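Student: Questions regarding the structure given below will be posed in turn.
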Amino acid sequence: TATPPTGGIAPRSARLVTGSELCARGSGAVGALASRLEGLNKFYGTSTLVSHTTQEHVRDRFEFRRVDRVAVKGKTEGVDVFELLMLKGDISVNLRKLMDVYENGLAAYFERDWKFALQHFNTVLKYRPGDGPSQALAARC
């Protein structure tokens, strides 16, 4: 299985860059988003988070999991963030099913159905102990 690079993906491009390079090159809203994504990697225990815009540009080449919706300075609406998992086609059937369970939990979380969301996050953690996004969202339920 391919291991994703660490850092971030520059918004509005498909070029992979390190988080520090992205933050140094970014300015304004793009720089704020890049900085926020870099910090969120630590919070969620992920290697590479990208914005919805970037995910849309490269989803034909990579497998992603929608992780959460976050606030970003300078934006009035939340920004959906995605975890880069691996190259397209490299994901196992079992991992795809587990990511679907997570995403169902995330949908329940957004609907404020805490019990249902927690059940889904705990299911992911049963089969993938230490899954950072599941741990983070389960703690909020």
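The values are calculated or read from the model by the stated rules, or taken from the named source; none is laboratory data. Note that the structure is a prediction, hence the values are computed from the model and not measured. Reconstructed Cβ throughout: ideal geometry from the backbone, glycine too, with neighbour counts over all protein chains shown. Just the protein is used for accessible areas: all its heavy atoms, side chains included, with ligands, DNA and RNA removed. Shrake-Rupley method; radii C 1.70, N 1.55, O 1.52, S 1.80 Å.
Student: Can SER92 be described as modelled with pLDDT of 85 or more, in contact with a strand residue (DSSP E or B) (Cβ under 7 Å, 6 or more places away or on another chain) and among the small types (Gly, Ala, Ser)?
Tutor: no
Student: Of all the strands (runs of 3 or more DSSP E) wholly in the stretch 30-100, which have at least 2 residues that are among the polar types (S, T, N, Q)?
Tutor: In the stretch 30-100, the matching strands (runs of 3 or more DSSP E) lie at 48-51.
Student: While we're here: So if I check each of GLU103, GLU77, which one is among the acidic types (Asp, Glu) and within 21 Å of LEU33 (Cβ to Cβ)?
Tutor: Result of the check over GLU103, GLU77: GLU77.
Student: Taking the condition open to solvent by 40 Å² or more (accessible area, probe 1.4 Å), over 19 Å from VAL81 (Cβ atoms) and free of Cβ contacts under 8 Å to residues at least 24 places away in the same chain, does LEU125 pass?
Tutor: Judged against the criteria, LEU125 is not a match.
Student: I would also like to ask the following. When the residues of the stretch 51-72 are filtered to those that are among the charged types (D, E, K, R) and under 26 Å from ALA138 (Cβ atoms), which remaining residue is most open to solvent (accessible area, probe 1.4 Å)? Can you show your working first?
Tutor: Filtering the stretch 51-72 down to residues among the charged types (D, E, K, R) leaves 56, 59-61, 63, 65-66, 68-69.
Those still in the list that are under 26 Å from ALA138 (Cβ atoms) too: 63, 65-66, 68-69.
Details: GLU63: 21, ARG65: 1, ARG66: 63, ASP68: 3, ARG69: 110 Å².
Once the filter is applied, the top-ranked residue is ARG69.
Student: Say we look at the stretch 15-37 and pick out the residues that are among the charged types (D, E, K, R) and surrounded by fewer than 19 Cβ atoms within 10 Å (Cβ to Cβ); which of these is modelled with the lowest pLDDT?
Tutor: Here the answer is GLU21.
Student: Would you confirm whether any residue within the stretch 73-80 is without any contact (Cβ under 8 Å) to a residue 60 or more places away in the chain, among the hydroxyl-bearing types (Ser, Thr, Tyr) and surrounded by 15 or more Cβ atoms within 10 Å (Cβ to Cβ)? Full working, then the answer.
Tutor: Kept after step one, since they are without any contact (Cβ under 8 Å) to a residue 60 or more places away in the chain, are these residues of the stretch 73-80: 73-80.
Next, only the ones that are among the hydroxyl-bearing types (Ser, Thr, Tyr) stay: 76.
Right, trim to surrounded by 15 or more Cβ atoms within 10 Å (Cβ to Cβ) and you get none.
No, the stretch 73-80 has no match at all.
Student: Let me ask something else about it. Could you tell me whether PHE43 is modelled with pLDDT of 60 or more, open to solvent by less than 50 Å² (accessible area, probe 1.4 Å) and not hydroxyl-bearing (Ser, Thr, Tyr)?
Tutor: Against the criterion (modelled with pLDDT of 60 or more, open to solvent by less than 50 Å² (accessible area, probe 1.4 Å) and not hydroxyl-bearing (Ser, Thr, Tyr)), PHE43 does not qualify.
Student: Restricting to the stretch 81-104, give me the number of residues that are open to solvent by 70 Å² or more (accessible area, probe 1.4 Å) and in contact with a Lys or Arg (Cβ under 9 Å, 6 or more places away or on another chain).
Tutor: The qualifying residues number 2.
Student: Residue pairs, Cβ under 6 Å, 6 or more apart or interchain, first in the stretch 130-141 and closer than 14 Å to ASP113 by Cβ and touching a residue at least 60 places away in the same chain (Cβ under 8 Å), second hydroxyl-bearing (Ser, Thr, Tyr) and surrounded by 15 or more Cβ atoms within 10 Å (Cβ to Cβ). List them.
Tutor: Final answer for the pair search is LEU137/TYR109.
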